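The values are calculated or read from the model by the stated rules, or taken from the named source; none is laboratory data. Nothing here was measured: the structure is a model prediction, and the numbers come from that model. Note that we place each Cβ from the backbone using ideal geometry, even for glycine, and neighbour counts take in every protein chain shown. These area figures cover heavy atoms from the full protein model, side chains too; ligands, DNA and RNA do not enter into them. Shrake-Rupley method; radii C 1.70, N 1.55, O 1.52, S 1.80 Å.
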Amino acid sequence: MGRLDGKVCIITGGNSGVGACTAELFAKEGAKVVITARREAQLKEVCDKIKAAGGECLAISTDVSKVEQVNAMVEKVIETFGRVDVLVNNAGVLEAGLKPVDRCLDEDVDRVIDINTKGTLYCTRAVLQDMVKRGAGSIVNLDSVAGHHGCGGAAYVTSKAAVIGLTKHTALRFAGKGIRCNSVCPSTIITPMTMTTDPRTLDPDMMGQMAKHADLKVQPCMPIDVANVLLFLASDESRAITGQVIVSDFGSTL
């Protein structure tokens, strides 16, 4: 307990899955938690649960693909709490069907990159204005083994590989200046987003190729498995770690 005492932590996509689990864990560790997502009702449920458990939480409905909404959200956080100590870029979407590069659709590319890549960049840029003034901060990006190994649909892989590049860029830009940036790359996580995927829509060729590079007998991640890694990277325990891409997959893609 107390690993994030007093820290102001923004968690995007905080209305379900890894985001909600991370928000609850951070609050238990003493953080002032800000959760954002597009679905306001779900967001309120998570926030109310955190408060009922004795935690401090602020819910702000935000579409991270809309730069004006991101900027307004960060301004609200600073107005309320005075600073941002931690940003967890968790908001993300999958494209339907794991379409390979020769079959991907323009609408999938636009939607997935707008949220996964642009949203991460927008949120990172917005919090950095405050972090630079104070010379302190930790940014943690929830990436994917898809971005690390290329195992996924073309739009999703592209969006997540770009986030790895952004992670390394941000870490390099602020190395030695008190601001850190790292990425966590889980494999399949048991969340509402992944569990609602219709197997009938999956591209069989892409699934076949992916199966060659992963041990499907190895257990998938649960949200708490990922949240624990995010907690470590958000806390001062990892103060010497920046620019790193950590795969969290129980060894399934070794």
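Descriptive notes on the structure:
- ASN116 passes every criterion in (1) crowded, with 16+ Cβ neighbours inside 10 Å; (2) in contact with an Asp or Glu (Cβ under 7 Å, 6 or more places away or on another chain) apart from (2).
- Check on VAL127, surrounded by fewer than 18 Cβ atoms within 10 Å (Cβ to Cβ), under 22 Å from ALA171 (Cα atoms) and touching a residue at least 12 places away in the same chain (Cβ under 8 Å): no
- Residues (outside any loop (DSSP other than H, G, I, E, B) and either under 16 Å from MET131 (Cβ atoms) or among the aliphatic types (A, V, I, L, M) (or both)) located in region 47-75: ILE50, ALA52, LEU58, ALA59, ILE60, VAL67, VAL70, ASN71, ALA72, MET73, VAL74, GLU75
- Of the residues in region 76-89, at least one is surrounded by fewer than 20 Cβ atoms within 10 Å (Cβ to Cβ), of a type in the set (Ser, Thr, Tyr) and not in a strand (DSSP E or B).
- Qualifying residue in region 16-28 (condition: surrounded by fewer than 17 Cβ atoms within 10 Å (Cβ to Cβ) and either over 22 Å from ALA126 (Cβ atoms) or touching a helix residue (DSSP H, G or I) at 6+ places or on another chain (Cβ under 7 Å) (or both)): no
- Identification of helices (runs of 4 or more DSSP H) wholly contained in region 152-220 with 2 or more residues that are open to solvent by less than 80 Å² (accessible area, probe 1.4 Å) and modelled with pLDDT of 95 or more yields 154-173.
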